[in-house]
1. Using a basic spin-label model with each label point 7 Å from the Cα along Cα→Cβ, how many nm lie between residue 245 and residue 122?
2. If you plug each phi of region 357-373 into the Karplus form 6.51 cos²θ - 1.76 cosθ + 1.60 with θ = phi - 60°, what whole-Hz ³J(HN,Hα) values come out, in order, with x for Gly and Pro?
3. Reported to two decimal places, what Rg/Rh ratio describes region 217-328 when computed on Cα atoms with Rh from the Kirkwood expression?
4. Per residue, how large is the accessible surface of region 185-237? Use a 1.4 angstrom probe and give square angstrom.
5. In whole angstrom, how far apart do the alpha carbon centroids of region 210-250 and region 322-372 sit?
6. Accessible area, 1.4 Å probe, largest first: how do 265, 371, 329 sort?
7. So, taking all protein chains as they sit and a 1.4 Å probe, how much accessible area belongs to residue 374, in Å² rounded to tens?
8. Give the relative contact order (percent, whole number) for region 236-383; include only Cα pairs under 8 Å separated by 6+ residues.
Amino acid sequence: MLLGMTACSMSGRPQSLSDLFVRPGASQGGGESDGAESPLASDDDASAAPDALDDASGQESAQGDGASAEPAQNDAPALVFPESPEFHPAPSVSLHAGVTSIKLDVVEVSLERDDSMTLVPSVFPSDAEDVEINYSTSDSSVATVDDDGTIHAVGEGTAIIEVTVGDVFADVTVTVTVPVTSVTVSVNKTRFRAGEFCVFTVEVLPKDASDKTYTVTAAGAGALSDESTASCDSHGDLTITATASNGVTGSRTVSVIDLVYYADEVFRLTNIERENAGLGTFSHDPALTRTAVVRANEIMSYFSHSRPDGSSCFTAYDENGASYRTAGENIAEGHTSPHAVVEGWMNSPGHRANILNADFTWLGVGVSMSESGRLSWSQNFTG
């Protein structure tokens, strides 16, 4: 809004009201005064100074013989005006609506690294002219800001984003965190014997994540012993799960092998094959079971029907008290389940012949597992 404004000024010192009036009989000269008004002239004054001129009127005073001069009636004080002053118009002043405040849509914001957001500033008054909004950051390693107010989260920490228009400013506090993006559970092996302990590690990435804490649970064939160990209690799968503070999870499932359970399964499946062939089922012989366990352990390192010392496999029968008139042995390695190994034997003519030998009536089954989780199997028959 443009307002026209003018002003006037006077040359010389402004005069007071008393300067504008001259009292009758008062001097307009430069003589000093003690500040008291002079009374009207008396007879004595007239005789003392007959030739004096009245400074106020500029006329000679007329004095009679002993008579006082009478003052003029209804004499009004004379007005004395100063010279006409010089008038100087003041320069015109243009008044624009300037920015008085900035309001932001947020004052604090939390972002994860690589996230972004755009500030929405409101400038007041709304009709302010020549509004140029500028943005700056206190720490570009934490957050940067574009010319349009877009904030980019760069690294962990806190930065102040300042918004300015001239001398008016507002700011927002930006806190940047580095989130967990992956959790990995690693184990020392994938197969465990029942009764063993599964040792595991948890890796949380990225390495510079703001909060790398996590919780661990174990479910299935075992239980959590401590933050890095789980017990393998029974046959089946054991799943270990690690969950980061932001909900990202990682898990690993391992197999817990109950070797006795696997041996019993092989015995059961073998008898099914016998029944399918119209033969009588095998009976358990504890001595043969001990023999089969010995042989399963031996073939892990020396896969042969001969024993590691070079003797016949049948010497193991004698050592474990298994008596027999006729005997046979099936061995296998690498099969991962009872079903797989029995199926493999049934698909091999020599092994199948032992399983379906009508002269065999007793059976012992042994299963062994190496540290790497590789399984070895042995069937030992007698009749």
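The values are calculated or read from the model by the stated rules, or taken from the named source; none is laboratory data. Here the structure is a predicted model, which is why all the values come from computation and not from measurement. Neighbour counts are summed over all protein chains in view; Cβ atoms, including those assigned to glycine, are modelled from backbone coordinates with ideal geometry. Areas reflect the complete protein model, heavy atoms only, side chains present, ligands, DNA and RNA absent. Shrake-Rupley method; radii C 1.70, N 1.55, O 1.52, S 1.80 Å.
1. 3.5
2. Here the 3J(HN,Hα) series is 6, 5, 6, 8, 10, 10, 9, x, 10, x, 10, 9, 9, 7, 4, 7, x Hz.
3. The Rg/Rh ratio comes out at 1.17.
4. So region 185-237 comes to 53 Å² accessible per residue, rounded to a whole number.
5. Answer, in whole Å: 37.
6. Values: 265 40, 371 125, 329 15 Å².
Descending order: 371, 265, 329.
7. Per-residue accessible area (residue 374): approximately 120 Å².
8. On the way: 250 pairs, mean separation 45.8, N = 148.
The value is 31 percent.
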